[in-house]
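Colleague: Below are the structure tokens for one structure; questions will follow.
The values are calculated or read from the model by the stated rules, or taken from the named source; none is laboratory data. This one's a predicted model, so the numbers in the text were calculated from it and none came from an experiment. Quick reminder, even Gly has a Cβ in these numbers, built from the backbone with ideal geometry, and neighbours come from all protein chains shown.
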Amino acid sequence: MSKSAKRRFCPVVGREIFSAECGENRGSRYACPADCPYSPFAPANYDQLLDLEELVDRKTLEWWFDTAPDRGLIQAGMEAARKNHSPHALHAFLAREIFFRRDASGRTCARRWEDAGFPGLRNDERVLLRAKLQVRVTLLEVRRVLDAERTEAVDLLQPTGTPLLILDRGLARRAVRFAPFVGWM
């Protein structure tokens, strides 16, 4: 690869930077604009974000298994969730165990990983996992379906009622005006 291909102009720092500097700082040290072609968090790069999320989810499960005091309990819980035959049961089990269940010191599995410095994660993966650490249950009411990816909704569990622009193909595919959705946000 030529030297020029490894460099790109960064509007945040106002100069050319190497791709490695971009990757190590975007979304963490650098507040990238929403239209940045290099950021997997930019709306135009939705497919990259989905790939990144799949990778982070896999690494999160690996961390959970590797650091669990009793893998048998995890496997039993996962099996019970699978027997429920609901696609949501396994996801709810995993979210509860990784992001909500606290140990004797009051930390969740994900917080313990963060406290350890997220070993094995790259910058984009750390940024995404930190966002997932803020996950909460939400009750969305769809106000408008804007296109095949974007939906405008309000969270009925939040008193402000501020409209949210949500980029999610699955929601946009199923949404109709004033439909309620329970989910994680």
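Colleague: What is the one condition in (1) among the hydrophobic types (A, V, I, L, M, F, W, C); (2) exposed (fewer than 14 other Cβ atoms within 10 Å of the Cβ); (3) part of a strand (DSSP E or B) that residue 104 does not satisfy?
Modeller: Result: residue 104 passes all but (3).
Colleague: Hey, another quick one. Looking at (1) on the phi < 0 side of the Ramachandran plot; (2) in contact with a Lys or Arg (Cβ under 9 Å, 6 or more places away or on another chain); (3) assigned to a loop (DSSP other than H, G, I, E, B), which one does residue 89 not meet, given that it meets all the others?
Modeller: Here residue 89 clears every test but (3).
Colleague: Hey, any hits in the range 163-172 for a residue that's in contact with a Ser or Thr (Cβ under 7 Å, 6 or more places away or on another chain), β-branched (Val, Ile, Thr) and under 17 Å from residue 50 (Cα atoms)?
Modeller: yes
Colleague: Condition first: part of a loop (DSSP other than H, G, I, E, B) and out of contact with any helix residue (DSSP H, G or I) (no Cβ under 7 Å at 6 or more places or on another chain). Can you find one or more residues in the range 64-77 that meet it?
Modeller: Checked the range 64-77: at least one residue is part of a loop (DSSP other than H, G, I, E, B) and out of contact with any helix residue (DSSP H, G or I) (no Cβ under 7 Å at 6 or more places or on another chain).
Colleague: Identify, from the list 129, 94, 140, the residue that is in contact (Cβ under 8 Å) with a residue 60 or more places away in the chain and surrounded by 15 or more Cβ atoms within 10 Å (Cβ to Cβ).
Modeller: The conditions single out 129.
Colleague: Considering only residues that are among the aromatic types (Phe, Trp, Tyr) and within 21 Å of residue 55 (Cβ to Cβ), look in the range 94-119 and name the one that is modelled with the lowest pLDDT.
Modeller: Across the range 94-119, the extreme among qualifying residues is 99.
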